[in-house]
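The values are calculated or read from the model by the stated rules, or taken from the named source; none is laboratory data. Being a predicted model, the structure only gives us computed values, none of them experimental. Cβ sites come from the backbone with ideal geometry, for glycine too, and all protein chains shown count toward neighbours. What goes into the accessible areas is simple: the full protein's heavy atoms, side chains included, and nothing from ligands, DNA or RNA. Shrake-Rupley method; radii C 1.70, N 1.55, O 1.52, S 1.80 Å.
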Amino acid sequence: IENLPDWRSNWAPRFAMVYDLFGNARTAVKYSLNKYNLSRTTGIADDYNPLASATRALPWTDLNGDDMAQGNSGIVNGRRVSCVYLTAGCEINFANLGSTFGTVSLNTYGEYPRTYNVEHGVEIQHELLPSLSLTGSWYHGSFTNLTTTINRALQFDGDPAKNPYYTPFTIYDPRDGSPITAYGLNANATASRRPTDNLDTLDPNRERIYNAFNWEFRARPGGGAQLFGGMSIERQLDVNCTSPDNPNSLRFCDDKQNGIPFSKTFKVAGSYPLPYGITFSAALQSNQPTPPTKNATTANITFTRATRGYP
């Protein structure tokens, strides 16, 4: 595949300015506008390389004691045909070797443009004391040219409830019994009739938004000591609602509506010079992961024909 990818003239400008707010060199207002292109070397080409390698470990029983693994396996009319394990001349168990082993199911490259992020930054830095400065900042990033993968074999443009490859059914939340509409693949989408045909392509409706707020301090108590630290909160929201091949992916696909909270980080560190050229330093950091929201519940449910609401 030629031009995989062909991303030329992808400029990544950087711009920054600093303004002395009161003209006394104690309060600075800073603004930056930067573009960051997606950094890729051979990663995309590797995704579509048909010469990928794979390994699989199979049991071997040395029936004749010659210290040589013997047995045959191959593909006949699209099906893997293997010798019968533990019979004469068949010492390798090919039961766990699928019919697709040795082949690569590649996605189709959709000639999508390069993903990039445009980030704005606003910062105010103030010298509160000759040895103490305070800083507050806000950073906002917005991503463009995000991609998505669509199985064109199951693609359907219309009402998810009328998708010819999925059948809607109702399941019930085991916590409170509330009904949930889900979709299951039907006979029209069996592997024999609808083989996978994945396309990696540009998704103009997909969004990724990043916001971060930071508060920092820097102090020089004296004697060569330094102390700095602060707190930051950040959040990334994703909108990925383009799913013409799987209506189940439309549930909670918009983080703007999912009540995603900010994650918090606190850090303080310092150093102090000791005699004989030794420097003592210490740091304390506390990270609060993003807590689960009421909508971010995962449940593993096994459905059978006897399950209520299952078609």
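Some observations on this one:
Yes/no matrix, rows are residues, columns are (1) open to solvent by less than 50 Å² (accessible area, probe 1.4 Å); (2) at negative phi; (3) modelled with pLDDT under 90:
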| position | (1), (2), (3) |
| --- | --- |
| 192 | no, yes, yes |
| 199 | yes, yes, no |
| 203 | yes, yes, no |
| 210 | no, yes, no |
| 223 | no, no, yes |
| 228 | no, yes, no |
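- Residue 140 being part of a strand (DSSP E or B) and open to solvent by 60 Å² or more (accessible area, probe 1.4 Å): no
- Residue 91 being modelled with pLDDT of 85 or more, of a type outside the set (S, T, N, Q) and more than 30 Å from residue 64 (Cα to Cα): no
- Out of 19, 36, one residue alone is open to solvent by 50 Å² or more (accessible area, probe 1.4 Å), closer than 30 Å to residue 147 by Cα and not in a loop (DSSP other than H, G, I, E, B). It is 36.
- Filter result for residue 184 (among the small types (Gly, Ala, Ser), surrounded by fewer than 16 Cβ atoms within 10 Å (Cβ to Cβ), under 28 Å from the mean Cα position of the chain (by Cα) and on the phi > 0 side of the Ramachandran plot): no
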